[in-house]
Amino acid sequence: MTDTGATVPRKKRRSRLFRAVAAILVLLLAWLVSYAIWTVYENTLTAAAVEQGAAMNMSPSPRGELSGTAARALKAYGGEGVWKAATSIESTVTVGGLLFQLKGINIPPHASITVDVQRPRTVIDPVDESGDVGVLDGFSVMIVAPGGRILEQRTDAREHLQNASVTSKWDRLNLVYFLGYAFWGYYTLPYELIRTDIEWTELRDGVLQADYGTNLPVHSRIQRFWFDIKTGLLRRNDYTPVAATPDARVANVVFEHGVSSGIPYTSKRRVKLSPVQYGWVLPVPDFITIDVERWRLR
């Protein structure tokens, strides 16, 4: 005689298992489709990817003269007069991403980052949960207690880079050096366009290449910048983050701009790994995430 009472529960269990497996497969398919769409968008439709094979100009602009792309970008970010008169930028920022997990250190969320416009100086407050403050001044870095006492200091951070690999752990001074010069460069890009100690080349309309020389703390001496040819706003910045690892090639992609007192600023950035320098990028993981919650030019 057939035990129908036992058969029905088994059928129900198989049905639930089937639905669960189907749901997982649907979610996986949706993720793969989203991944593919993002990859196609970022690597075929953005300003950084258009006309990858187009001929490029390699002749630098004369020092002190703006190319068409540089002039359009400077105007988009407030104009030459605004940036020549500016002295500092104050902000509140949350940073994250794979890099800081691998390095084993990061600043707390909603940290205050203040940079000088006309010289590479950055103050990060706090740099850790103890409330200590990190200061970058040129190539020197220091950790200062809330009361002002210097706790740690390096005269030239370049001589102590913990960058043998991307998993080499950072101490606090390396963290301050990396974030200090990075945010100084991100925030003061409009002013950098009119600095005479940076050599700018308009590779083609909307694309600039910078040679920073050896006297400024930056990710890498040579960097490329893609700007929207209509708005003049930054879309992407490619470089090698030498202080983290000399082996990585990354694209710092701008996802959103904010506006403060009429001045646009990059408010959401995601740094992506790029297998080919100046080429296509990997949608995941986020190597670095940057969310600027407050920004003010003074």
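Of note:
- Helix axis angle, 172-187 relative to the chain longest principal axis, alpha carbon, degrees: 80 degrees
- Taking other residues whose beta carbon is less than 9 angstrom from the beta carbon of P108, and scoring Lys, Arg as +1 and Asp, Glu as -1, yields -2.
- The C-alpha radius of gyration of the stretch 144-257, expressed as a fraction of 2.2 N^0.38 Å, stands at 1.19.
- Ellipsoid semi-axes for the stretch 63-150, based on the Cα gyration tensor and the rule √(5λ), read 31, 17, 12 Å when sorted largest first.
- Computed over protein heavy atoms with a 1.4 Å probe, the accessible surface of the chain works out to 48 Å² per residue.
- R0 of 51 Å, Cβ-Cβ distance E256-F18: FRET efficiency to nearest 0.05: 0.75
- Mean Cα-pair separation over length for the stretch 199-298, i.e. relative contact order, pairs under 8 Å, 6 or more apart, %: 16 percent
- Cα long-axis angle, helix 4-40 against the chain (0 to 90 degrees, to the nearest 10): 20 degrees
- With all protein chains modelled, accessible area of R204 [1.4 Å, Å²]: 30 Å²
- Surface share of carbon and sulfur [accessible, 1.4 angstrom probe, percent] for the chain: 57 percent
- Note on the chain: Lys pairs 8 or more places apart or on different chains, Cα atoms under 28 Å apart, count 13.
- Remark: the A145-L29 segment gains 36.6 nm on full extension, using 0.36 nm per residue and subtracting the alpha carbon distance.
- Peptides 158-170, 104-116, 17-29 ranked from most to least packed give 104-116, 158-170, 17-29, packing being the mean of other C-beta atoms within 10 angstrom over each peptide's residues.
- Full-extension gain in nm, T87 to T155, via 0.36 nm per residue minus C-alpha separation: 22.1 nm
- Per-residue packing, averaged as other Cβ atoms within 10 Å, sorts the ranges 135-141, 75-81 into the order 135-141, 75-81, beginning with the highest.
- For V284, the accessible area of its heavy atoms, probed at 1.4 Å with every protein chain present, is near 70 square angstrom.
- Mean projected area (nm²) of the alpha-carbon convex hull when the stretch 113-173 is viewed from all directions: 4.8 nm²
- Taking all protein chains as they are arranged and a probe of 1.4 Å, the heavy atoms of M142 leave approximately 40 Å² accessible to solvent.
- Relative contact order, percent, the chain [alpha-carbon distance under 8 Å, six or more residues apart]: 21 percent
The values are calculated or read from the model by the stated rules, or taken from the named source; none is laboratory data. Keep in mind the model is a prediction, meaning the values are calculated, not measured. A quick note on method: Cβ atoms are made from the backbone with ideal geometry, for glycine too, and the neighbour counts reach across all protein chains shown. In case anyone asks, the SASA skips ligands and DNA or RNA and just uses the protein heavy atoms, side chains included. Shrake-Rupley method; radii C 1.70, N 1.55, O 1.52, S 1.80 Å.
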